[in-house]
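Trainee: The following block contains the structure, expressed as structure tokens.
What follows is calculated from the coordinates using simple rules that are stated; it is not laboratory data. Quick caveat, the model's predicted, so the values are computed rather than measured. Cβ atoms come from the backbone with ideal geometry, glycine included; neighbour counts cover every protein chain shown.
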Amino acid sequence: MSHPLTVTDTNFKQEVLDSDVPVLVDFWASWCSPCKMIAPIVEELAGEYEGRVKVAKVDVDANPITPGMFGIMSIPTLMVFRGGKAEERIVGYQPKQSLKAKLDAVLVA
């Protein structure tokens, strides 16, 4: 089973913006309770969408530049990137079905 990829300020462009497949990015921090609640869902999505969507996690405390570039003001914020562009922004905890619906919409677009 696939696990989310750890992405940093250094490799964000290569792993996310230059990706051949859509990328779901989870902006999170270790002290954030809603981030801990959504983490298992993000793990499951990494496995369910393996080969179709890359799933990545960015620790906002360790990597402040990337969240700043995308105006991340609260966490968790999940963003879906396709072709180097942000297509979807999901702020706060969301149930798995809601996240799947947003990913499916990007995949068929």
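Trainee: Please sort by residue number the GluC sites (Glu not before Pro) in the range 1-101 whose DSSP state is loop and whose Cβ has at most 15 other Cβ atoms within 10 Å.
Mentor: Those that pass, being in a loop and sparsely packed, are E50.
Trainee: With both bridge residues required to lie in the range 5-108, what share of the DSSP beta bridges run antiparallel, to the nearest 5%?
Mentor: 60
Trainee: Let me ask something else. Taking Cα pairs under 8 Å and at least six residues apart, what relative contact order does the range 1-104 come out at, in percent?
Mentor: Dividing the mean separation by the residue count of the range 1-104 yields 37 percent.
Trainee: Within the range 1-53, which trypsin sites (Lys or Arg not before Pro) sit in a loop by DSSP and count at most 12 neighbouring Cβ atoms inside 10 Å?
Mentor: Counting only loop positions with at most 12 other Cβ atoms within 10 Å, the trypsin sites (Lys or Arg not before Pro) in the range 1-53 are R52.
Trainee: Moving on. Among P95, A46, F81, which residue has its Cα furthest toward the positive end of the charge dipole of the chain, with +1 on Lys/Arg Cβ and -1 on Asp/Glu Cβ?
Mentor: P95
Trainee: Report the per residue volume, in Å³, of the convex hull enclosing the C-alpha atoms of the range 21-109.
Mentor: With only Cα atoms used, the range 21-109 gives 86 Å³ per residue.
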